[in-house]
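The values are calculated or read from the model by the stated rules, or taken from the named source; none is laboratory data. Remember, it's a predicted structure, so these values are computed and weren't measured experimentally. Note: ideal-geometry Cβ built from the backbone for every residue, glycine included; neighbour counts use all protein chains shown. Protein only, heavy atoms only, side chains kept; ligands, DNA and RNA dropped before computing areas. Shrake-Rupley method; radii C 1.70, N 1.55, O 1.52, S 1.80 Å.
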Amino acid sequence: MISDKMVDLVKGSSVIRAMFEEGQRLAKIYGAENVYDFSLGNPNVPAPDEVNKAVKEIVDDEVSTVLHGYMNNSGYEEVRATIADSLNRRFETSFTENNIVMTVGAAGGLNVVLKTLLNPGDEVIVFAPYFGEYRSYVANYDGKLVVVTPDTNTFQPNLTEFEKLITNRTKAVIVNSPNNPSGVVYSEETVKKIASILEAKQKEYGTDIYLISDEPYRELVYDGVTVPYLTKYYNNTIVGYSFSKSLSLPGERIGYLVIPNEVADYHDVFAAAGVATRILGFVNAPSLMQKVVAKCIDAEVNVAAYNRNREALYNGLSELGFECIKPEGAFYLFVKAPNGDDKAFCDVAKKHNILMVPGTSFACPGFVRIAYCVSYDTIINSLPKFALVAEEMGL
Ligand code: PLP
């Protein structure tokens with residue numbers, strides 16, 4: 001008999017994964033080219049050439065017992081130093097290896113932070129729409145998820161409500177920009193406001209409130225938009241980064257946390273993050289991949305390919321009468337359901353072999369997420385099918 005907690009988690013288990021499996025089932029029946037699977041954020045742009053080259057060089061050059069051996073739980077010191085230097089160059093910060101913990105992707109990093117910070121009953125605030133896995137991650141450590149309702153006009157966070165929801169049990173706030181699923185980038189003005197609200201609330205309650213910035217999409221931005229680096233605005237910021245999207249390496253499970261010296265109880269937090277990495281069973285981030293990302297620290301995926309998809313899909317759907325804000329980052333379009341019913345919209349689309357994820361999964365009913373990290377052909381060939389969906393939905 002599985003645990004009561006897992007019964008609930010399995011029940012609520014990701015709709016996105018279920019859609020992905022549905023896509024594979026439909027592909028077997030109709031042929032992959034006739035299925036328009038926009039369900040999963042699995043990058044289709046290949047990893048930059050530097051990545052495979054680095055894998056080969058490292059495997060050839062390193063002593064095998066060292067390369068494949070255990071290491072410090074927080075990762076290789078030289079890799080962490082390389083990452084710190086790169087951040088300092090890009091964001092005028094002053095991190096060292098003692099501010100970086102290598103993680104098993106962003107998911108691993110978030111679990112390490114939450115394990116490090118949460119006592120049972122501690123509150124973690126998230127802004128809808130949010131990545132649905134946060135629910136499970138917070139539940140893993142018996143935290144209480146507190147959701148700020150979405151502003152569906154702009155998808156910038158609703159700060160009036162945020163301020164009201166902060167209590168003396170608020171231990172952390174998770175932000176995700178560029179955002180999954182809306183594609184919105186939080187403006188500098190928004191970031192400054194979040195910081196000043198948190199400063200004031202820390203003072204009011206005499207507590208530490210950690211801002212966790214979940215940033216797997218930091219590098220995927222369009223039209224020259226800049227993504228503010230949050231440690232510069234609020235001292236108690238911990239950044240969770242991932243190479244899953246920025247280098248198209250989601251299956252390799254590699255990322256890092258940035259824990260600045262300015263964070264409250266820095267020494268304890270940094271040490272605890274290393275221990276959490278070990279006792280959650282990660283032990284350390286994958287050794288080979290740590291070395292690969294350090295070698296490829298300046299490599300970039302072909303963001304122009306995602307941009308081409310974004311333009312084609314956004315323009316195509318807008319012409320058909322669908323409504324959505326134009327995303328500035330990530331690789332998702334968050335489209336309004338024509339009659340306000342996201343599940344009905346997904347069901348009609350599925351009849352035409354189009355798979356999308358209902359906004360309910362992101363605590364934002366009335367919208368659907370379309371992941372456009374697919375081939376350009378899939379986008380173009382899906383548009384006549386979307387036209388049929390539009391017609392059926394009365395647009
Ligand atoms: N956070 C967000 C907002 C995501 O969209 C994802 C993956 O899609 C993750 C975290 C997990 O990323 P990773 O593969 O690096 O664990």
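Data overview
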quantity	calculated
Accessible surface of the chain, 1.4 Å probe, proportion on carbon and sulfur as whole %	49 percent
With all protein chains modelled, accessible area of Phe20 [1.4 Å, Å²]	60 Å²
Given charges at beta-carbon only (K, R positive; D, E negative), |dipole| of the chain in Debye	640 debye
Surface per residue (accessible, 1.4 Å probe) for the chain, Å²	43 Å²
Listed residue pairs exceeding 29 Å between alpha carbons, taken from Lys5/Lys28; Lys171/Lys193; Lys171/Lys336; Lys53/Lys245; Lys5/Lys336; Lys171/Lys295	Lys5/Lys28; Lys171/Lys336; Lys5/Lys336; Lys171/Lys295
Percent antiparallel among DSSP beta bridges (both partners in the chain, rounded to 5)	45 percent
Heavy atoms of Glu262 accessible to a 1.4 Å probe, total area in Å² rounded to 10	110 Å²
Relative contact order of the chain, pairs being alpha-carbon contacts under 8 Å that are 6 or more residues apart, as %	23 percent
In Å, descending, principal axis extents of the Cα set of the chain	59, 57, 52
Most positive-pole-ward Cα, Met6, Phe91, Gly109, against dipole of region 1-129 from beta carbon charges	Met6
Listed peptides 54-66, 177-189, 340-352, 110-122 by packing density, highest first (mean Cβ within 10 Å)	177-189, 110-122, 340-352, 54-66
For region 108-132 and region 230-260, distance of Cα centres in Å	15 Å
